[in-house]
Structures are given as structure tokens and as C-alpha cells.
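Accompanying notes for the structure given below.
Quick note: the coordinates plus some simple rules give every number you see, no bench work behind them. Owing to the predicted nature of the structure, the values given are computational and were not obtained by experimental measurement. Cβ atoms come from the backbone with ideal geometry, glycine included; neighbour counts cover every protein chain shown.
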Amino acid sequence: MWRDLHGFQVYLETPGSGLWLDKIESVTLDPGGGKPWLEASSEHFWIRYRAADQSTLADVFKSAEAHYDQITGLLGYHPHGRVPITLVSTHAELEQRIGGRRPSWVYGAALPDALVMLTPLRYSPTFDGHRYADVFKLVPHELTHLILAQIVGYPGFREMPQWLNEGLAVYLAGQSGGEHAIIDAARAGKLPSLQELDKALTGQAPVGNSYDVAGSLTGYLIERYGADKIPPLLKGLANGSDFDAALRQAVGIDGATLEQQWQELLASKNDTQY
Ligand SMILES: [Zn+2]
């Protein structure tokens with residue numbers, strides 16, 4: 001079915017995705033002039049994609065719109081205008097757009113004002129460790145990074161620990177997991193320090209389960225002290241405070257205390273609490 005919306009022709013029939021196609025406000029099916037990129041938009045997103053990826057469009061919009069309110073709500077910030085998403089065709093093209101070589105498991109990235117992601121049609125358990133459904137985690141994860149960068153700005157981003165940046169992305173994308181291994185490490189006194197965690201998350205040490213650990217610590221911060229502490233914490237970083245000062249101002253504790261409380265809670269969990 002073709003429908004005219006805001007002057008654009010929108011095709012509202014893709015098997016299995018009917019609900020979310022209502023989220024798509026506009027689709028340009030023929031860009032003209034031999035251009036390879038097609039465009040589509042929803043309330044909060046604007047997607048550039050190639051014709052070969054048309055079938056994924058509804059799922060990309062779904063993954064983006066479904067988490068938008070939760071992410072902007074918890075972080076206390078709405079991006080101005082629609083967030084652009086570019087859907088690239090290969091890992092090499094992804095590297096080209098975000099700059100530099102990346103491990104094969106990297107399948108998306110947040111630039112300061114746009115998201116770049118590999119088309120879900122290329123996700124492969126064999127080649128990059130992903131499967132199609134991972135698109136529903138990737139978009140909210142990268143959207144969280146984009147919004148965090150916009151909130152804290154360039155100077156604030158240097159003060160924000162990487163465990164918090166990745167931890168919020170993991171937490172808000174519903175990627176938290178691996179609790180058994182984290183609890184075992186806590187009991188054995190083998191959890192990484194926050195400095196070691198940041199090294200692994202910035203590629204200076206093997207990544208291991210660092211994303212799980214960052215998600216666990218961030219989840220602890222939110223669940224123990226309240227989600228309403230996150231916007232003032234980020235605002236503190238945006239205003240030039242270092243992390244400990246911002247955390248003390250927003251939550252009333254410093255990073256070392258947070259780390260210790262979290263480790264003690266993990267170490268005290270028994271098997272039935274897994
Ligand atoms: Zn990330």
C-alpha cells in the first residue's frame with residue numbers, strides 16, 4: 001500500500017514488520033541522478049541506506065525508535081532534530097567512515113552527530129560474531145554513545161570514564177550479562193580495577209568480558225542510587241568537573257567507594273542469587 005505522508009510516498013507493507021512501518025514517515029525510493037543512497041525518516045531518525053538493504057529498514061527503525069524514550073529519559077537529554085544513521089554495506093566501509101582499523105566484531109559506531117552501522121544483512125556468527133537480531137541491541141547502544149557525547153561535550157568526554165560510557169550503552173541496550181563470571185571474579189578478588197577496565201575498553205588491553213563488567217558496575221550505580229542521579233552526574237562532567245567531583249556532587253560518594261560497594265555486593269551474592 002502506498003500512502004502519501006508529508007509529501008513523500010511511503011510503502012506500508014513489509015511482512016512481519018507492519019507495526020513499525022507506521023513509524024516511518026518518509027521513504028525516498030529513487031534518489032535520481034544515479035546516486036546510490038536512499039533515504040527514509042521516522043520521528044527521531046533519518047536513515048541513509050542502499051537499495052539492497054531495503055528489507056532491513058523497518059527493523060533498523062524499530063531498534064532505534066523502540067529505545068528512544070527510555071534512553072533520552074534516563075540520560076535527560078534529547079538530540080536536536082533527527083539522528084542520522086548511515087547503513088553501510090561492508091566492514092571496510094565502516095572502518096573508512098569511522099577512521100582506522102577496527103576488530104571484526106565492531107559493527108557500528110557513534111560519531112558526534114550521526115550513527116554508522118553495518119547492514120544487518122552482513123551479520124554473521126562465523127565472520128563477525130553477530131546475528132541479525134543483534135541490530136536491536138546495536139542501535140540503542142550506539143545511540144547512547146551519541147547522546148552521551150552530545151551531553152558532556154568534548155572536554156567532558158575526556159573526564160568520563162570509559163566504563164561509564166560503555167556501561168550506560170550496555171545497560172540501556174539491554175546487553176547486561178555474564179553475571180556468573182563477574183561474581184566468580186569478585187569472590188576470587190580478580191575483578192579488574194577501574195583503570196584496568198578502561199584500558200581494556202579503549203583497546204589497550206584484551207577486551208575479555210569488560211563490557212559485561214562495565215554494564216554491571218553501571219547497573220549497580222543506577223539501581224543502588226537511582227536513575228535520577230545520572231543527568232546531574234553527566235551535567236557535572238559537561239561543566240568541567242572531573243569524574244570523582246561530579247560523582248560526589250551528584251551521588252555523594254567517590255569512584256573508589258562506588259567500586260568497593262559494588263565489589264562487596266557481588267562477592268556476597270550466593271549461588272541462588274545468580
Ligand atoms: Zn560501545
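If you look at the Cα atoms of region 110-150, you get an Rg and a Dmax of 11.3, 35 Å.
Computed from the C-beta positions of R97 and A256, the FRET efficiency with R₀ = 35 Å rounds to 0.35.
Across F127, F157, F136, mean-square fluctuation computed from a Gaussian network of the chain (C-alpha pairs under 10 Å connected) peaks at F127. Along the chain, the exposed loop sites are GluC sites (Glu not before Pro) outside DSSP states H, G, I, E and B with at most 13 other Cβ atoms within 10 Å, and the longest stretch free of them is 44-274.
Taking 0.36 nm per residue of separation and subtracting the current Cα-Cα distance, fully stretching the chain between S89 and S268 would add 59.8 nm.
In order along region 111-120, the Karplus-derived 3J(HN,Hα) couplings, from 6.51 cos²θ - 1.76 cosθ + 1.60 at θ = phi - 60°, round to 8, x, 9, 7, 9, 10, 9, 6, 4, x Hz, and Gly and Pro are given as x. Residues K190, K62, K199 in ascending order of nearby Cβ atoms (within 10 Å, fewest first): K190, K199, K62. Across S216, S42, S104, mean-square fluctuation computed from a Gaussian network of the chain (C-alpha pairs under 10 Å connected) peaks at S104.
When a footprinting reagent is the concern and you count Cβ atoms within 10 Å, what order do W37, W46, W262, W163 take, fewest first?
Values: W37 13, W46 17, W262 21, W163 27.
Fewest-to-most Cβ neighbours within 10 Å comes out as W37, W46, W262, W163.
At an R0 of 30 angstrom, the distance between the Cβ atoms of H180 and F127 translates into a FRET efficiency of 0.60.
Full extension of the chain segment joining A51 with A114 gains 20.6 nm, where the gain is 0.36 nm per residue of separation less the Cα-Cα distance.
Counting neighbouring Cβ atoms within 10 Å and putting the fewest first, the residues I147, I222, I71 line up as I222, I71, I147. With the simple spin-label model, which puts each label point 7 Å out from Cα in the Cβ direction, the V207 to W37 separation comes to 2.6 nm. Over the C-alpha trace of the chain, radius of gyration and Dmax come out as 20.0, 64 angstrom.
The label-point distance for R82 and A188, in a model that sets each label 7 Å from Cα toward Cβ, rounds to 5.0 nm. Structure remark: mean-square fluctuation, Gaussian network model of the chain, C-alpha springs under 10 Å; the largest value among D198, D184, D212 belongs to D184. Projected label points at D242 and Q70, each 7 Å from Cα along the beta carbon direction, are separated by 3.5 nanometres.
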